[in-house]
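Trainee: Here you go, one structure.
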Amino acid sequence: MSDSIDKEKTQGETENERSTARIDTKILIKLQNVVKDFEIGEFIVRAIDNINLEIQEGEFLVIKGPSGAGKTTLLNLIGGLDTPTKGDIYSFGVLISDMNQESLTIFRLMNSGFVFQNYNLISTLTAEENVMFPISLVGESLSEQRSIAISLLKKVGLAERREHLPFQLSAGEQQRVAIARALANNPPIILADEPTANLDKTTSAFIRDLFDEIKEMGKTIIIATHDKYLLELADRIIDFQDGKITNETHQSEN
């Protein structure tokens, strides 16, 4: 009888440990057997080849690999900018790969901020208006939009350039506006595609310091980059080639 009770107790403790492990391991994003194909004429090009990946809440993940490896496609899938040909993508426990475009747009607006390699600023809007734009989409008042935008532009060192149009800004300044815009709705996830590419050394250092601050804010950061300093900030680095993860390094192991 005692053995039976002890056995049940041990099993119960094991289940509790498993449950605790599940709670402690806060998986924010999960990709299961994800494939992405593109049709180019009569050919099918496989950009993402059966990827399985889990990203934890608050993790700083770097994706690195050669040009054409599929890094941007992977970022777009993770962030809900694109949908997979096959497989499932979960974000916050929600199956976003099955969402319709309207629902996906709303989900992205509330949960993800994007920093693109080519900035993707709206050319007819000032720096301040570019940052205000995503805030306006969630229904904030004009005064609140402006207050948030000015605060974020101060954070990225561009308060005095807030009334300038994108063509009046340098490449580095445009990228800083893009980072401010990505933070506009205070999303828990930040995705960035080569954010320091084509920037001079001084501007690259400033951008890297911004990502260090964003990391301290506890946000989940996913970046495609080869930048040495950004690699040093990462909790985990995955090597990506031909649409596949070829290696994975946890910085704590270094």
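The values are calculated or read from the model by the stated rules, or taken from the named source; none is laboratory data. A quick note: this is a predicted structure, and the numbers were derived from the prediction, not measured. Using ideal geometry, Cβ is built from the backbone for each residue, glycine included, and neighbour counts are taken over all protein chains shown.
Trainee: Sort out which residues of region 104-119 are farther than 21 Å from Pro195 by Cα and in contact (Cβ under 8 Å) with a residue 12 or more places away in the chain, and write them in order of number.
Mentor: Selection gives Leu104, Phe107, Met110.
Trainee: Moving on. Could you check Thr124 against (1) touching a His at 6+ places or on another chain (Cβ under 8 Å); (2) in contact (Cβ under 8 Å) with a residue 40 or more places away in the chain and say which number it fails?
Mentor: So Thr124 meets the others, but not (1).
Trainee: If you don't mind, another one. Name the residues in region 224-244 that are assigned to a strand (DSSP E or B), surrounded by 19 or more Cβ atoms within 10 Å (Cβ to Cβ) and in contact with an Asp or Glu (Cβ under 7 Å, 6 or more places away or on another chain), would you?
Mentor: Ala224, Ile238
Residue-wise test of (1) at pLDDT 95 or above; (2) out of contact with any strand residue (DSSP E or B) (no Cβ under 9 Å at 6 or more places or on another chain); (3) farther than 20 Å from Ala234 by Cα.
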{"site": "Arg18", "(1), (2), (3)": "no, yes, yes"}
{"site": "Ile23", "(1), (2), (3)": "no, yes, yes"}
{"site": "Glu42", "(1), (2), (3)": "no, yes, yes"}
{"site": "Asp82", "(1), (2), (3)": "no, no, yes"}
{"site": "Ile89", "(1), (2), (3)": "yes, no, yes"}
{"site": "Glu102", "(1), (2), (3)": "no, yes, yes"}
{"site": "Gly113", "(1), (2), (3)": "yes, no, no"}
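Trainee: Within region 120-136, is there a residue that is assigned to a loop (DSSP other than H, G, I, E, B), of a type in the set (A, V, I, L, M) and closer than 21 Å to Leu199 by Cβ?
Mentor: Checked region 120-136: at least one residue is assigned to a loop (DSSP other than H, G, I, E, B), of a type in the set (A, V, I, L, M) and closer than 21 Å to Leu199 by Cβ.
Trainee: Gln175 - would you say it is touching a Phe, Trp or Tyr at 6+ places or on another chain (Cβ under 7 Å), surrounded by 14 or more Cβ atoms within 10 Å (Cβ to Cβ), of a type outside the set (A, V, I, L, M, F, W, C) and under 25 Å from Gly218 (Cβ atoms)?
Mentor: Spelling it out, Gln175 is indeed touching a Phe, Trp or Tyr at 6+ places or on another chain (Cβ under 7 Å), surrounded by 14 or more Cβ atoms within 10 Å (Cβ to Cβ), of a type outside the set (A, V, I, L, M, F, W, C) and under 25 Å from Gly218 (Cβ atoms).
Trainee: Within region 163-177, is even one residue on the phi < 0 side of the Ramachandran plot, part of a helix (DSSP H, G or I) and touching a residue at least 60 places away in the same chain (Cβ under 8 Å)?
Mentor: The answer is yes; a qualifying residue exists.
Trainee: Within region 104-119, restricting attention to residues that are polar (S, T, N, Q) and part of a helix (DSSP H, G or I), which residue is surrounded by the fewest Cβ atoms within 10 Å (Cβ to Cβ)?
Mentor: Here the residue is Thr105.
Trainee: Please find, within region 64-103, the residue that is farthest from Leu31 (Cα to Cα) out of those that are among the polar types (S, T, N, Q), in a loop (DSSP other than H, G, I, E, B) and free of Cβ contacts under 8 Å to residues at least 24 places away in the same chain.
Mentor: From region 64-103, those among the polar types (S, T, N, Q) are 67, 72-73, 76, 83, 85, 91, 97, 100-101, 103; that's our starting set.
Then keep just the ones that are in a loop (DSSP other than H, G, I, E, B); that gives 67, 83, 85, 100.
Filter again for free of Cβ contacts under 8 Å to residues at least 24 places away in the same chain, leaving 67, 83, 100.
Details: Ser67: 22, Thr83: 12, Asn100: 18 Å.
This residue is Ser67.
Trainee: Are any of the residues in region 181-197 assigned to a helix (DSSP H, G or I) and farther than 21 Å from Leu81 by Cβ? Working first, answer last.
Mentor: Of region 181-197, the ones assigned to a helix (DSSP H, G or I) are 181-182.
If we keep only those that are farther than 21 Å from Leu81 by Cβ as well, we get none.
No, the conditions are met nowhere in region 181-197.
Residues checked against (1) at pLDDT below 95; (2) under 26 Å from Ala69 (Cα atoms); (3) of a type in the set (Phe, Trp, Tyr); (4) surrounded by 15 or more Cβ atoms within 10 Å (Cβ to Cβ):
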residue: Ile122; (1), (2), (3), (4): no, no, no, no
residue: Thr126; (1), (2), (3), (4): no, no, no, yes
residue: Val131; (1), (2), (3), (4): no, no, no, yes
residue: Ser143; (1), (2), (3), (4): no, no, no, no
residue: Ser147; (1), (2), (3), (4): no, no, no, no
residue: Leu153; (1), (2), (3), (4): no, no, no, yes
residue: Leu158; (1), (2), (3), (4): no, no, no, yes
residue: Leu165; (1), (2), (3), (4): no, no, no, yes
residue: Ala192; (1), (2), (3), (4): no, yes, no, yes
